[in-house]
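Colleague: Here it is, the structure, as structure tokens.
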């Protein structure tokens, strides 16, 4: 089992009456709510937390991309990843990911990921999300009807950037470049492992299977509502006659660990309720612009049980926002180390998932609590689960770093003075 | 209430639908999303005194191929090809509504000798940051009827699946039509029409519902000021953006009077 410590970098100071006085945390969140001085503090604390997770022994530390978003302060995850690459030594650096269709030309992603892979010595996991409609279509103005086509073309171009050993031209439908020549090139050959975060699109499952990529279901609504989606993914793999290697799949889960359940509820109630009340207060108008959901997925959702889960996760309706409901629905797995380990083992086995994306910081959780949660998980939960699947299956989608890597070496003051 | 004939024309290799009804002078109509999905009393009102050809642009109701068009030139070429395939003759009248009107007016700009008279109903195409058009793709389902129409029931009725239609297929067709409109309009800037509008020389009727909540009626002045031909403007009382649904008889009468 691989554990990835995932940070969303939420803005922690949304007002208590945010839900009543503001209609969305995303797209048109009030710019006046943002305090750059506070951001100076929290960016540094959040990066401390990521580095701490690496120190605690998590297999990877993970960042992602959002725009105009009050729960995700990383418009450019690659900026954070570059710093993490310098300040950590062994953990994989998972950028889950960069939204390929937003960049013109997408060769920029090929270049930046190659930089992270070089700086980290081959520790990059390259995440290629299509991106949410809020990020891509509304905040960045991409046409929802063309987004997937742009994405697929950008993917092809980036792969060529990494794998061709010659200067070439690219004459695509959306991107034309007479000279494509990516410097630097990634350490990992033929390319870093590619993981695809998704929300339950039939087309994404099929594409992951064809490309042999890892699919990560990145819902914020926990394991209870995820069963139909994960089953749909594995059904697609079966149709494509793929093996059931659990390392093909990733699953995101909020977790809070403490000595016992009561203590866990005391510690994590406020951050959880903050997240599900304020951070996820998204105007549903932005959830389904026309063309974003493919016709194949529309048909599937209208016909199958996945519709129930999809409605819940995409329309931001009928959410639980008090701790009792949050726990009942499994948005957050909470309890003693043994209780959490038992639940995660059951989830991993039920969903056949070998990569758990752990959200151990959420909402307005402070640095001290986050580090406590991280340490408790690393020391008392992870060891109980670390061997799961490892004897039975090879993880073919994990980074292959250089055996001998250079570490960050601060310049001595006297040398700098000279 | 139905068309007399349904034609299928091939646009860039994909089938597109043309509904025909009536006799008299030819009138070619690019309907918006809602009016492309189902025949309406507005269609009948036009067909009562003209030979109506309702042409669903690629991706709109009954037509395929919207997903193959990437830019405004592509839409203009598809629209022109569709008109010619449907029998449009130089000098005929073209009516465009809402998103489809943004294509109609650009066709008149690119091929000024083709279009005899032009009618634009609540057209998109221009954009004023000081008075932006409504983002019609960021609406909750329940609020759409009241945004598009003064009589929300008229919109709801138009968008409801016809009896006997499989709900899934109808819903996918509706989504596809919305997608085609989004493909034309997203992200709601000027379609670059402002650079070409002066090339429109055809006599033009600008029709607006006086309570249009999507494209403010003040845009009529922007359109009129930019065109080179004779322009008349008419606002229709108790009409919203889809004034064809709110006031079908008055809207059709205004068009027929202008065309004849």
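Colleague: Just to confirm my filter: which helices (runs of 4 or more DSSP H) fall fully inside the range B:147-248 and include at least 3 residues that are free of Cβ contacts under 8 Å to residues at least 24 places away in the same chain and surrounded by fewer than 22 Cβ atoms within 10 Å (Cβ to Cβ)? Before the answer, list the steps.
Modeller: On the way: elements: B:152-159, B:167-185, B:219-226, B:243-246.
Filter on the range B:147-248 gives B:152-159, B:167-185, B:219-226.
Colleague: Going through the range A:89-114 one residue at a time, which ones are in contact with a strand residue (DSSP E or B) (Cβ under 8 Å, 6 or more places away or on another chain) and surrounded by fewer than 23 Cβ atoms within 10 Å (Cβ to Cβ)?
Modeller: A:105, A:107
Colleague: Are any residues in the range A:208-224 in a helix (DSSP H, G or I) and surrounded by fewer than 20 Cβ atoms within 10 Å (Cβ to Cβ), and if so, which ones? Step through it out loud before you land on a result.
Modeller: Step one: list which residues in the range A:208-224 are in a helix (DSSP H, G or I), which gives A:208-211, A:224.
Passing the criteria: A:209, A:210, A:211, A:224.
Colleague: Just to be sure, is residue A:184 buried (at least 19 other Cβ atoms within 10 Å of the Cβ) and not in a helix (DSSP H, G or I)? Write out each step before concluding.
Modeller: Values: buried (at least 19 other Cβ atoms within 10 Å of the Cβ): no; not in a helix (DSSP H, G or I): yes.
Answer is no for this residue.
Colleague: Of (1) within 14 Å of chain B (Cβ to nearest Cβ); (2) not in a helix (DSSP H, G or I), residue A:285 satisfies all except one. Which?
Modeller: (2)
Colleague: Is there a residue being under 29 Å from residue A:126 (Cβ atoms), buried (at least 21 other Cβ atoms within 10 Å of the Cβ) and in contact with a helix residue (DSSP H, G or I) (Cβ under 6 Å, 6 or more places away or on another chain) anywhere in the range A:326-338? Full working, then the answer.
Modeller: Of the residues in the range A:326-338, the ones under 29 Å from residue A:126 (Cβ atoms) are A:331-333.
This time we only want the ones that are buried (at least 21 other Cβ atoms within 10 Å of the Cβ), so: A:331-333.
Pick out the ones that are also in contact with a helix residue (DSSP H, G or I) (Cβ under 6 Å, 6 or more places away or on another chain) and you get A:332-333.
Yes, because at least one residue in the range A:326-338 is under 29 Å from residue A:126 (Cβ atoms), buried (at least 21 other Cβ atoms within 10 Å of the Cβ) and in contact with a helix residue (DSSP H, G or I) (Cβ under 6 Å, 6 or more places away or on another chain).
Colleague: Find all pairs meeting these conditions: Cβ atoms under 9 angstrom apart; at least six residues apart or on different chains; first residue within the range A:93-113 and within 15 Å of residue A:176 (Cβ to Cβ); second residue in a strand (DSSP E or B).
Modeller: A:105/A:170; A:105/A:176; A:105/A:177; A:105/A:180; A:107/A:170; A:107/A:177; A:107/A:180
Colleague: Additional query: What single numbered condition from (1) crowded, with 22+ Cβ neighbours inside 10 Å; (2) modelled with pLDDT under 95; (3) over 21 Å from the mean Cα position of the chain (by Cα) fails to hold for residue A:305?
Modeller: Only one criterion in (1) crowded, with 22+ Cβ neighbours inside 10 Å; (2) modelled with pLDDT under 95; (3) over 21 Å from the mean Cα position of the chain (by Cα) is unmet by residue A:305, namely (1).
Colleague: Taking the stated definitions as given, is residue A:272 closer than 24 Å to residue A:29 by Cα and touching a helix residue (DSSP H, G or I) at 6+ places or on another chain (Cβ under 8 Å)? First the steps, then the outcome.
Modeller: Working: closer than 24 Å to residue A:29 by Cα: yes; touching a helix residue (DSSP H, G or I) at 6+ places or on another chain (Cβ under 8 Å): yes.
Yes.
Colleague: Report the residue count in the range B:49-97 for those that are within 14 Å of another protein chain (Cβ to nearest Cβ), in contact (Cβ under 8 Å) with a residue 12 or more places away in the chain and not in a loop (DSSP other than H, G, I, E, B).
Modeller: 5
Colleague: I'd like to know if the range A:240-252 contains one or more residues that are modelled with pLDDT under 95, part of a loop (DSSP other than H, G, I, E, B) and either on the phi < 0 side of the Ramachandran plot or more than 18 Å from the chain's Cα centre (by Cα) (or both).
Modeller: Going residue by residue through the range A:240-252, those that are modelled with pLDDT under 95 are none.
No: the range A:240-252 contains no residue that is modelled with pLDDT under 95, part of a loop (DSSP other than H, G, I, E, B) and either on the phi < 0 side of the Ramachandran plot or more than 18 Å from the chain's Cα centre (by Cα) (or both).
Colleague: Could I ask something else about it? Out of the range B:181-200, which residues are away from every other protein chain (no Cβ under 14 Å) and in contact with a helix residue (DSSP H, G or I) (Cβ under 8 Å, 6 or more places away or on another chain)? First the steps, then the outcome.
Modeller: Quick first cut of the range B:181-200, residues away from every other protein chain (no Cβ under 14 Å) only: B:192-200.
Matches in the range B:181-200: B:192, B:193, B:194, B:196, B:197, B:198, B:199, B:200.
Quick grid of which residues meet (1) part of a helix (DSSP H, G or I); (2) within 14 Å of chain B (Cβ to nearest Cβ); (3) crowded, with 21+ Cβ neighbours inside 10 Å; (4) within 19 Å of the chain's Cα centre (by Cα):
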| position | (1), (2), (3), (4) |
| --- | --- |
| A:116 | yes, no, yes, yes |
| A:134 | yes, yes, yes, yes |
| A:142 | no, yes, yes, no |
| A:154 | yes, no, yes, no |
| A:173 | no, yes, no, no |
| A:192 | no, no, yes, yes |
| A:197 | no, no, yes, yes |
| A:206 | yes, no, no, no |
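Colleague: Here's a follow-up. What number goes with the only condition from (1) touching a residue at least 60 places away in the same chain (Cβ under 8 Å); (2) on the phi < 0 side of the Ramachandran plot that residue A:222 does not pass?
Modeller: Here residue A:222 meets the rest and fails (2).
Colleague: Assess whether residue A:236 counts as being closer than 22 Å to residue A:197 by Cβ and more than 18 Å from the chain's Cα centre (by Cα). Steps first, answer last, please.
Modeller: Values: closer than 22 Å to residue A:197 by Cβ: yes; more than 18 Å from the chain's Cα centre (by Cα): yes.
Yes; evaluated as a whole, the condition is true for this residue.
Colleague: Given the criteria away from chain A (no Cβ under 14 Å), touching a residue at least 24 places away in the same chain (Cβ under 8 Å) and within 23 Å of residue B:122 (Cβ to Cβ), does residue B:45 qualify?
Modeller: Details: away from chain A (no Cβ under 14 Å): yes; touching a residue at least 24 places away in the same chain (Cβ under 8 Å): yes; within 23 Å of residue B:122 (Cβ to Cβ): yes.
So residue B:45 passes the test.
Colleague: Same structure, new question: Could you check how many residues of the range B:125-139 are within 14 Å of chain A (Cβ to nearest Cβ), touching a residue at least 60 places away in the same chain (Cβ under 8 Å) and closer than 13 Å to residue B:218 by Cβ?
Modeller: Total meeting the criteria: 1.
The values are calculated or read from the model by the stated rules, or taken from the named source; none is laboratory data. Predicted model only: the values in this text are computed from it and were never measured. Quick reminder, even Gly has a Cβ in these numbers, built from the backbone with ideal geometry, and neighbours come from all protein chains shown.
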